[in-house]
1. Taking region 230-246, which residues are part of a loop (DSSP other than H, G, I, E, B) and either open to solvent by 70 Å² or more (accessible area, probe 1.4 Å) or modelled with pLDDT under 80 (or both)?
2. Could you check how many residues of region 131-150 are touching a Pro at 6+ places or on another chain (Cβ under 8 Å) and open to solvent by 10 Å² or more (accessible area, probe 1.4 Å)?
3. Condition first: at pLDDT 80 or above and crowded, with 21+ Cβ neighbours inside 10 Å. Can you find one or more residues in region 398-416 that meet it?
4. With Ser362, Ser307 as the choices, which residue is of a type in the set (Gly, Ala, Ser), in contact (Cβ under 8 Å) with a residue 12 or more places away in the chain, surrounded by fewer than 24 Cβ atoms within 10 Å (Cβ to Cβ) and under 30 Å from Asn440 (Cα atoms)?
5. Which one of the conditions (1) modelled with pLDDT of 85 or more; (2) closer than 27 Å to Ala213 by Cα; (3) open to solvent by less than 30 Å² (accessible area, probe 1.4 Å) does Val96 fail to meet, given that it meets all the rest?
6. Only one of (1) more than 18 Å from Ala56 (Cα to Cα); (2) among the hydrophobic types (A, V, I, L, M, F, W, C); (3) surrounded by 23 or more Cβ atoms within 10 Å (Cβ to Cβ); (4) at pLDDT 90 or above fails for Ala73. Which number is that?
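The values are calculated or read from the model by the stated rules, or taken from the named source; none is laboratory data. This one's a predicted model, so the numbers in the text were calculated from it and none came from an experiment. Note that each Cβ is placed from the backbone with ideal geometry, even for glycine, and that neighbours are counted across all protein chains shown. Just so you know, the surface numbers come from the protein's heavy atoms only, side chains and all, with ligands and any DNA or RNA stripped out. Shrake-Rupley method; radii C 1.70, N 1.55, O 1.52, S 1.80 Å.
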Amino acid sequence: MIHPSEDDESLTKPLGRCSVFYYGIGHMLNDITSACWFTYLLVFLTDIGLSPSDAAVVMLSGQVADGLTTIFAGELIDRFGHFKVWHIAGSLLVAVSFSSVFGGCLPCKLIGSDSAMLQTIGYSVFAAIFNVGWAATQVSHMSMVNCITLNSTSRVVLASCRNAFTMVANLSLYAVAFVVFNIVGAGTPAAVENQYRWIAYISIFIGSCFVVAFAIGTREPRLKLEAHVKGYVRISWMHWFKKILYHQVALVYVLTRLVTNVSQAFLAFYVINDLQMSLSSKALVPAIIFVCSFIVSILLQEIKWTSQRLKGFYTAGGLLWVLCGIGILLLPRNMNAYMYVLSIFIGIANALIMVTGVGMQSVLVGRDLNGCAFVYGSLSFMDKMICGVALFILESYQRSTPELHNCSLSYHFFSLNRYALGFVPAVCALLGVIVTCSMNLQTPILVPLEEPLLG
């Protein structure tokens, strides 16, 4: 029989390479479909004839469904556990429903009508179903971190590996999109639907392969099972609401997601409409961003993490985004090649703020394992709702943006796309830095990863 102190010591040891790897790939299906959602949904819906305001309604319906599901999923996971069951069930729902988001309006085909209202309703329903599955997968996967290990450095490494494979997922999507856009022709709404249908099918296949590998290589977290066996009391919501750190971490996480989601949603509009770059730039510019994020995420796994380093790296990433935002606002069309340079720094900044932002959540949870799913679920709820409203407002005003085709090449009109891609993320990043600097993070003495992924 293992003595409790010995058992606790084993749980604080650094994780090995395989454990980190198998956990990191578990969110690939969510990540590749999410990349398609934020990068191409608004472009796709407007390309097939929906107005910007109707397209915004479709995205908002998905974000609301996602946000509401995170709360219920977090509460149920805290009560009953079974992370892998929730993860696999959510992944199945994502795989089944995502193709319908980009696969044409099913109610329109059944009823035989292509009215704008029916299209909006049809796409909104499948967007909501997709996001329900997506939320269940996300909450179970994120909250699993704290129940896999008690080692704080390993928790940050797990988040870093997860973020690295998020970049792999995004790169996979843009590689697929680049090939499809160059091979499959587009000239009519039906042809556009065919393009995005192929992108959706291939994305689902790639993501599903990684979900299977995750299910085989990752065990149900031992800490959560022990918590149920020992009858630990479930932590109430008020326990978290009374903590100042909870509200600070929540604000930083929401601001961080606003930076990444809003910038990703309007990147394609900016490079095509404002900078007048080639159509392939819709895939190439995001690909550069995610290559740089992937490299930085891998390098961050080699660091011995402390609370001060979490705050310092987040501050560096946030300030770097502020500089990138200024560059986006001022970049004229005749210098659009510099967008590739900006993409490098955006990718670095995204990795810094995402890895450290999620790391702060692990510090917040600490050893309070019977409430960890609620923390991740509630923070995700705020993220989805606020991001959904922000994207809805920005997209609703997009149709009022003037045409720029006849403008001077040196002209840098402050269009909605410039504000959405440059100003909004920069302000959110700056606010995130201010909140981060005010935090009082307390982390235990950390031990570096025993087998770094670069070893």
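1. Listed by number, the residues that qualify are Lys230, Gly231, Tyr232, Val233, Arg234, Ile235, Ser236, Lys242.
2. Total satisfying the criteria: 1.
3. yes
4. Just one listed residue meets the conditions, Ser307.
5. Unmet for Val96, out of (1) modelled with pLDDT of 85 or more; (2) closer than 27 Å to Ala213 by Cα; (3) open to solvent by less than 30 Å² (accessible area, probe 1.4 Å): (3).
6. Ala73 satisfies every listed condition except (4).
Here's the yes/no breakdown for (1) modelled with pLDDT of 85 or more; (2) over 26 Å from Lys304 (Cα atoms); (3) among the hydroxyl-bearing types (Ser, Thr, Tyr); (4) in contact with an Asp or Glu (Cβ under 9 Å, 6 or more places away or on another chain):
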| position | (1), (2), (3), (4) |
| --- | --- |
| Ile121 | yes, yes, no, no |
| Ile129 | yes, yes, no, no |
| Val132 | yes, yes, no, yes |
| Ser154 | no, no, yes, yes |
| Tyr174 | no, yes, yes, no |
| Ala186 | no, yes, no, yes |
| Tyr196 | no, yes, yes, yes |
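Residues are listed down the side, and each one gets a yes or a no for (1) of a type outside the set (Ser, Thr, Tyr); (2) at pLDDT 80 or above:
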{"position": "Lys13", "(1), (2)": "yes, no"}
{"position": "Phe21", "(1), (2)": "yes, yes"}
{"position": "Ser34", "(1), (2)": "no, yes"}
{"position": "Asp54", "(1), (2)": "yes, yes"}
{"position": "Met59", "(1), (2)": "yes, yes"}
{"position": "Asp78", "(1), (2)": "yes, no"}
